[in-house]
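What follows is a set of notes on a single structure, which appears directly below.
The values are calculated or read from the model by the stated rules, or taken from the named source; none is laboratory data. No experiment lies behind these values; they were computed from the predicted model shown. Note that each Cβ is placed from the backbone with ideal geometry, even for glycine, and that neighbours are counted across all protein chains shown.
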Amino acid sequence: MEVIISKNAGFCFGVERAINTALKTIENEEIVYSYGPLVHNQQVVDYLEDKGIITVDSIEGLMGKDTGAVIIRSHGLPKHTIEEIEKLGFKIVDCTCPFVKSVHNKVSEYSSKGYNIIIVGDKDHPEVIGINGWCDNQAYIVNTIEDAKNLDFMDKICIVSQTTNNIDKFTEISKIVEEKANEAIIFNTICNATRLRQESVAELAKQVDAMIVLGGNNSSNTKKLADISRIYNDNVYLLESISEISLQELNKFNKIGITAGASTPDWIIKEAVRVMENFNKDEMMEAIDSSFKRI
Ligand code: F3S
């Protein structure tokens, strides 16, 4: 069994930056909260909680608590939520990914110039909720062709994307949406890390017999890597860790590709490779063993 790791797999720049900042903050501040889990990976969240970082999910979760620093994760937060946290006396440590911040700036600028904002993305995803919070929650959120077709005709629109969107999906939807206005400005705000991961996974999925996509079940960019893999490969496994699959199942494939979402730490990828390689060795030893027994 040959195992090939996709280029650009695992932690992206924004997630790495948020984790490093959180770890530095805990050295200097007595109490540190993370507003929402810092990454979509339970092992990393447990590790950070061990270091003393307390995860809260809402403003209510901060109420009545001792004040301290509040980390804003890479997904960002709506403007009004940040203001409420500050009003409660907490110090903001803003780890919004610069790529997400740039979307906030665009929607804020264009909504104030009178453009209707269209966000192509998942309305329930924290990043999309955050972006909408920088244009007074007035954006139209479009996630399917159907949503795009159902939009009313408008005068001026500004289209942005959730940073982890599938590129083909964004292109297809924005083409329909731009016909719905007299003037349309399109910003492809899919981040570079996402674009590179999607390109690499498409290449790899074509070459291998099966693909393993490692990442959290609630990680949007991980799910998109699995969706892209499925276009080119019939055997795609989306797993949080390699322990979720029987290695006998994988042993029927000669070449296996591995990729991982932007919030999957390196050690999960290394563990998967190590387990599969050791399995190869064990299998080989068994084969040698049984051939000796036959003599
Ligand atoms: Fe930032 Fe892109 Fe990662 S927006 S958090 S670099 S997936």
Can you pull out every residue in the range 155-176 that is within 16 Å of the ligand (Cβ to nearest atom) and either over 25 Å from Gly76 (Cβ atoms) or part of a strand (DSSP E or B) (or both)? Val160, Ser161
Output the residues belonging to the range 1-30 that are away from the ligand (no atom under 14 Å from the Cβ) and in a loop (DSSP other than H, G, I, E, B). Met1, Ser6, Lys7, Glu29, Glu30
For Gly215, the lone unmet condition from (1) touching a Gly at 6+ places or on another chain (Cβ under 7 Å); (2) more than 16 Å from the ligand (Cβ to nearest atom); (3) under 23 Å from Met1 (Cα atoms) is (2)
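Just to be sure, is Tyr33 farther than 30 Å from Cys158 by Cβ, surrounded by 20 or more Cβ atoms within 10 Å (Cβ to Cβ) and away from the ligand (no atom under 16 Å from the Cβ)?
Working: farther than 30 Å from Cys158 by Cβ: yes; surrounded by 20 or more Cβ atoms within 10 Å (Cβ to Cβ): yes; away from the ligand (no atom under 16 Å from the Cβ): yes.
When the stated conditions are applied, Tyr33 passes them.
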All helices (runs of 4 or more DSSP H) inside the range 58-128 with 2 or more residues being of a type outside the set (Gly, Ala, Ser) and either within 12 Å of the ligand (Cβ to nearest atom) or assigned by TED's automatic domain parsing to the domain that holds Val142 (or both): 98-112
Of all residues making up the range 62-83, the number that are over 16 Å from Val128 (Cβ atoms) and surrounded by fewer than 15 Cβ atoms within 10 Å (Cβ to Cβ): 6
So, Lys255, is that one modelled with pLDDT of 85 or more and either assigned by TED's automatic domain parsing to the domain that holds His40 or within 16 Å of the ligand (Cβ to nearest atom) (or both) or not? no
For the range 184-202, name all the residues that are away from the ligand (no atom under 15 Å from the Cβ) and without any contact (Cβ under 8 Å) to a residue 40 or more places away in the chain. Ala184, Ile186, Ala202
Does Asp122 satisfy being closer than 27 Å to Arg195 by Cβ and acidic (Asp, Glu)? yes
Checked pairs for the range 141-166, first among the aliphatic types (A, V, I, L, M), second within 16 Å of the ligand (Cβ to nearest atom), C-beta under 6 Å and 6 or more apart or across chains, list as Ile141/Ile119; Val142/Val120; Val160/Val103; Val160/Lys106; Val160/Ile119; Val160/Phe187; Val160/Thr189
Could you list, ordered by first residue, the pairs with Cβ atoms under 6 Å in which the first is in the range 3-19 and farther than 15 Å from His75 by Cβ and at pLDDT below 95 and the second is in a loop (DSSP other than H, G, I, E, B) and more than 7 Å from the ligand (Cβ to nearest atom), at least 6 apart or interchain? Gly10/Thr264
Lys149 meets each of (1) closer than 28 Å to Phe13 by Cα; (2) of a type in the set (D, E, K, R); (3) surrounded by fewer than 16 Cβ atoms within 10 Å (Cβ to Cβ); (4) at pLDDT 95 or above with one exception, condition (1)
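Kindly indicate whether Lys101 is of a type in the set (Lys, Arg) and farther than 24 Å from Tyr140 by Cα. Don't jump to the end; show me each part of the working.
Working: of a type in the set (Lys, Arg): yes; farther than 24 Å from Tyr140 by Cα: no.
Considered against the rule, which asks whether it is of a type in the set (Lys, Arg) and farther than 24 Å from Tyr140 by Cα, Lys101 comes out as no.
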Is it true that some residue in the range 42-59 is within 24 Å of Val160 (Cβ to Cβ), buried (at least 19 other Cβ atoms within 10 Å of the Cβ) and not polar (S, T, N, Q)? no
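Check Asp147, Asp152 and return the single one that is assigned to a loop (DSSP other than H, G, I, E, B) and away from the ligand (no atom under 13 Å from the Cβ). Walk me through how you get there before you give the answer.
Numbers: Asp147 fails: assigned to a loop (DSSP other than H, G, I, E, B).
Exactly one of Asp147, Asp152 is assigned to a loop (DSSP other than H, G, I, E, B) and away from the ligand (no atom under 13 Å from the Cβ), namely Asp152.
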So which of Gly261, Gly216 is of a type outside the set (A, V, I, L, M) and modelled with pLDDT under 90? Gly216
State all residues of the range 196-218 that are under 13 Å from the mean Cα position of the chain (by Cα) and among the polar types (S, T, N, Q); if no residue qualifies, say none. Gln198, Asn217, Asn218
